[in-house]
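Engineer: One structure, pasted below without further comment.
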Amino acid sequence: MNIAIFSPSQNPYSETFIQAHKNHLHGKVFYYYGTGATIALEKVGRIYQPAGLKQQLLLKIKGKKQESPWEQLALHLKSNQIDSILIEYGTHAHHLLPLLNLIDIPVVVHFHGYDASMQSAIESSNQYKEVFLRANHVISVSQDMKEKLLSINCPEDKLVLNTYGPRDEFFKVEAQFSKKQLIAVGRFTDKKAPYYTILAFSKIAKQHPDAKLIMAGKGELLNTCKNLVQHLNLQQQVLFPGVIDASAFKNYLKESRAFVQHSITASSGDMEGTPLAVLESSAAGLPVISTTHAGIKDVVQHKISGLLCEEHDVTTMAAHMDTLLSHREQAIEMGKNAKNRIKDDFTLEKHITTLNNLLKSK
């Protein structure tokens with residue numbers, strides 16, 4: 001099967017789920033990235049080639065017009081004998097409607113987070129009416145997202161809940177719980193509310209002077225968070241290593257006590273789908289300290305595989321940090337439960353199998 005994947009960007013560091021689709025779908029994958037006339041095929045280059053002066057003259061003599069970017073892209077898909085299309089993000093599917101209206105190829109639209117929750121994204125996409133009409137299947141990655149898509153009139157018979165799965169390499173991590181250390185990995189953005197994680201840690205930092213909070217990633221709130229750490233005089237305990245690769249993440253997971261993330265619904269309406277870092281940390285055998293937000297509560301079982309609090313509840317998150325920093329054996333037990341939970345219900349194989357089946361169906 002020849003599969004075309006369309007994504008707005010080529011390789012953002014945070015979108016490892018798209019890389020998993022590229023690498024694990026069954027068939028030959030053609031990865032198209034970008035927007036409009038800039039859409040390119042990976043390892044080939046930009047698809048749209050505007051006519052030169054000589055070609056324009058020949059077309060004028062023949063009374064013809066050059067194909068539009070969408071028409072050229074449709075011809076390109078035909079030349080590659082594409083059998084199915086996977087579009088990453090509902091907003092991108094809306095952008096691609098001029099192309100989709102030119103072709104007769106089955107389409108699966110994969111929602112991920114902001115595209116199903118941020119009000120401006122939904123409104124600018126005209127409530128996705130045409131996207132839902134054109135799509136053969138629509139994928140949600142959390143129960144909350146599924147309900148949201150139903151509320152904006154996605155046909156229930158097209159909607160499929162298919163949570164991500166962590167990369168297999170994370171199951172091979174053998175957590176040692178050797179340090180009083182908490183690890184957070186993700187973009188410094190509104191919906192991840194990294195400042196709440198710092199404020200929670202600040203409440204228990206004096207009780208645990210040997211504890212560390214590692215916050216890896218980048219984003220628009222990074223400098224704000226660094227300023228907050230300086231204001232709280234926590235520079236020796238809260239560290240910012242920047243963007244880290246999978247190998248570094250696994251090393252942090254191996255030695256840490258828990259993964260932490262205080263996700264919230266942003267004022268824009270932006271929400272998580274199911275954070276992949278939560279799945280990867282659980283697969284590695286670490287308990288997760290987080291909030292009852294979006295897909296997190298689908299994955300993390302409170303007091304069994306992690307500890308959850310309500311959004312904005314910094315005091316309870318601090319208490320959860322104190323619990324696992326103070327009781328290593330409890331962290332170990334929860335970590336074992338977390339790994340088993342992911343093995344049973346949230347594997348990458350399960351996610352990819354469902355996606356493959358949808359791409360094969362008409």
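Engineer: Please tell me if residue 260 is open to solvent by less than 10 Å² (accessible area, probe 1.4 Å) and within 26 Å of residue 337 (Cβ to Cβ).
Structural biologist: The answer is yes for residue 260.
Engineer: Then there's this: For the stretch 338-362, which positions are open to solvent by less than 80 Å² (accessible area, probe 1.4 Å), assigned to a helix (DSSP H, G or I) and either farther than 17 Å from residue 170 by Cα or of a type in the set (Phe, Trp, Tyr) (or both)?
Structural biologist: 353, 354, 355, 356, 358, 359
Engineer: Inside the stretch 291-337, can you point out the residues that are of a type in the set (A, V, I, L, M), in a loop (DSSP other than H, G, I, E, B) and open to solvent by 10 Å² or more (accessible area, probe 1.4 Å)?
Structural biologist: The answer is 304, and nothing else.
Engineer: While we're on this one: So residue 269 passes all but one of these: (1) small (Gly, Ala, Ser); (2) surrounded by fewer than 24 Cβ atoms within 10 Å (Cβ to Cβ); (3) within 22 Å of residue 22 (Cα to Cα). Which condition number does it fail?
Structural biologist: (3)
Engineer: Additional query: Within the stretch 81-122, take every residue that is assigned to a helix (DSSP H, G or I) and open to solvent by 20 Å² or more (accessible area, probe 1.4 Å) and give me the one that is farthest from residue 275 (Cα to Cα).
Structural biologist: Here the answer is 98.
The values are calculated or read from the model by the stated rules, or taken from the named source; none is laboratory data. Computed from a prediction, not measured in an experiment: that's the story for all the values here. All Cβ positions, glycine included, derive from the backbone under ideal geometry; neighbour counts span all protein chains shown. SASA here: full protein model, heavy atoms, side chains in, ligands and nucleic acids out. Shrake-Rupley method; radii C 1.70, N 1.55, O 1.52, S 1.80 Å.
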